[in-house]
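The values are calculated or read from the model by the stated rules, or taken from the named source; none is laboratory data. What you are looking at is a predicted structure, and each value in this text was computed from that prediction instead of being measured. Positions of Cβ are generated from backbone atoms using ideal geometry, with glycine treated the same way; all protein chains shown enter the neighbour counts. Note: areas computed on protein heavy atoms with side chains; ligands, DNA, RNA excluded. Shrake-Rupley method; radii C 1.70, N 1.55, O 1.52, S 1.80 Å.
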Amino acid sequence: MTSFDSETVLVRTGRDPSSHGGMVNTPVFRGSTILSNSLTEWESRKLPGNPYASYGRFGTPTTRALETALAELEGGYRSIVFPSGLAACTHSLLALLQPGDHALISDSVYGPTRSFATKVLTRFGIDVEFFDPLAAGEIRRQIRPSTRVVFVESPGSTTFEVQDIPAIAEEAHKVDAFVVMDNTWATPLFFKPFEHGVDISVQAATKYIVGHSDALLGAATANERAWALLQQTAHDFGQTAGPDDLYLALRGLRSLAVRLHRHWENGVLLAESMARHPMVAQVLHPALPGDAGHALWRRDFRGASGLFGVALKPVGREALGVFFDSLELFGIGLSWGGYESLALPVDAPTRAVRPWALEGPLLRIHAGLESCNDLMRDMQSALDRMQRHL
């Protein structure tokens, strides 16, 4: 079989026009009850891999098309979709953990994932512990015989530390633990998780895969070792995704490469511009040569997305309000990954291992697809106005 570049795979994978009257895109299949005309047909619908499942909750051809595409892009065995990125994170953890197990979670993990671990997993009798995202192979000091899962997110959520995933995975696999990774920042294009020792890769498909801020969706891709546990747990909890969101993700997927390269370019240029402003204490972007995680990013990643962090010098809320009120092209919004630019004030990160050291307000910036010259002018103007207000 011919091996194609990721950009070509994006266009070709997860669609079969000959099965749908020649239609280029897989149609939107809506339905709950799926009828069979014979016992043989009914029994065949319950076989693994049949795109026409026995019940709508178990998936449709639209579902299978997206799952097939994501598994191929990530390089995993199989994928399964969820109604949100958080659902993909939480159910991947539930699939692997039992009472008495030990879970190691990066201290820089996405806040809602952290909350689920400390409030829900602990209630189920699971021992949750956090590790320094910069620990690399030193994580062996926290690994126990009961360690079942090591959950990583690289770069870290809001603070953007790059983790040494191969080194962490090597230590985790010595005790037969699973490595679960939130790979939303890099997408399947810019980080290949299964080439670096990951067992389950999670995507908040809401972000770059959908790409247009109009759908909520999550996905988890597993290797063969983890697949049966992941699939069974998703079915046991009744997890499913809506047909229209699946269709929007498939549609967004086709332009992911083009969009993501523009996000990457705009993000780096914007980050470099902001780093030069006197109101900025530090820019947190692994693609910048001065970033602490740059060497690991160059080694393991194939690109960068448009999301990065900015720590401002200490200012009060009034000055911060002047900054946000001055922005014209950056909206304030919780999500990211769409075509529009965003700037979000972020609370000081919750840390259990390495305290957050920067004192000024923390911003999360998403560089959209607008003209980068316009984005830089808008951001510089807002920073200038905040500075004059002091």
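Modelled this way, with points 7 Å down the Cα-to-C-beta line, the labels at Glu328 and Glu129 are 5.4 nm from one another. About its Cα centre, the stretch 1-48 has a charge dipole of approximately 180 debye under the convention of +1 per Lys or Arg Cβ and -1 per Asp or Glu Cβ, with nothing else charged. Above 21 Å, the calculated P(r) of the stretch 238-340 contains 50 percent of its Cα-Cα pairs. Size check on the stretch 184-281: the Cα extents along the three principal axes, sorted descending, read 53, 33, 25 Å. With the convex hull constructed from alpha-carbon coordinates only, the stretch 1-157 shows a mean projected area of 13.3 nm² over all directions. Percent of Cα pairs in the stretch 43-119 per distance bin of 10 Å, from zero to the largest separation: 15, 37, 30, 16, 1. From the convex hull of the Cα coordinates of the stretch 271-319, what is the mean projected area in square nanometres? Result: 4.0 nm².
Can you compute the FRET efficiency between Leu47 and Arg140 using 1/(1 + (r/R0)^6), with r the Cβ-Cβ distance and R0 = 45 Å? Round to the nearest 0.05. FRET efficiency, Leu47 to Arg140: 0.60. What FRET efficiency comes out for the pair Val353/Ser115, r = Cβ-Cβ distance, R0 = 22 Å, nearest 0.05? Plugging the Cβ-Cβ distance into 1/(1 + (r/R0)^6) gives 0.85.
For the stretch 211-254, the share of alpha carbon pairs falling in successive 10 Å distance bins from zero is 24, 42, 32, 3 percent. Dipole of the stretch 283-390 computed with +1 at Lys/Arg Cβ and -1 at Asp/Glu Cβ about the Cα centre; of Phe308, Ser335, Thr350, farthest Cα towards the positive end is Thr350. Remark: the chain carries a charge dipole of roughly 280 debye about the Cα centre, counting +1 on each Lys and Arg Cβ and -1 on each Asp and Glu Cβ. Share of carbon and sulfur in the accessible area of the stretch 81-227 stands at 52%, probe radius 1.4 Å. Calculated [222 nm] ellipticity per residue, helices only, for the chain: -10500 deg cm²/dmol; basis is -39500 (n - 2.57) per DSSP H run with n ≥ 4, divided by all residues, nearest 500. Both the radius of gyration and Dmax for the stretch 136-243 are 14.7, 45 Å, in that order, over alpha-carbon atoms. Taken as Cα centroids, the stretch 165-238 and the stretch 326-354 sit 23 Å apart, rounded to the nearest whole angstrom.
With N the number of residues in the stretch 123-163, Rg(Cα) / (2.2 N^0.38 Å) evaluates to 1.28. Annotation: peptides 268-277, 349-358, 127-136, ranked by per-residue average of other Cβ atoms within 10 Å with the highest first, follow the order 127-136, 268-277, 349-358. Look at the dipole of the stretch 91-185 built from charges on Cβ: of Asn183, Phe160, Ser115, the Cα furthest out on the positive end belongs to Ser115. Taking the inverse of the mean reciprocal distance over all distinct Cα pairs, the Kirkwood hydrodynamic radius of the stretch 284-390 comes to 15.1 Å. Per residue, the accessible area of the chain comes to 43 Å², computed with a 1.4 Å probe over protein heavy atoms only. Which whole-percent values make up P(r) of the stretch 307-367 when all C-alpha to C-alpha distances are grouped in 5 Å steps starting at zero? Percent of pairs per bin, in order: 4, 17, 26, 24, 17, 9, 3, 1. With contacts taken as Cα pairs under 8 Å at a separation of at least 6 residues, the chain carries a relative contact order of 16 percent. Placing one equal scatterer on every Cα of the stretch 1-72 and applying the Debye formula, the log10 ratio I(q)/I(0) at q = 0.12, 0.13, 0.27 Å⁻¹ is -0.39, -0.45, -1.25. Inter-part distance, the stretch 287-311 to the stretch 362-389, computed on C-alpha centroids, equals 20 Å.
Bridge orientation summary for the chain: considering DSSP beta bridges with both residues in this region, about 55 percent are antiparallel.
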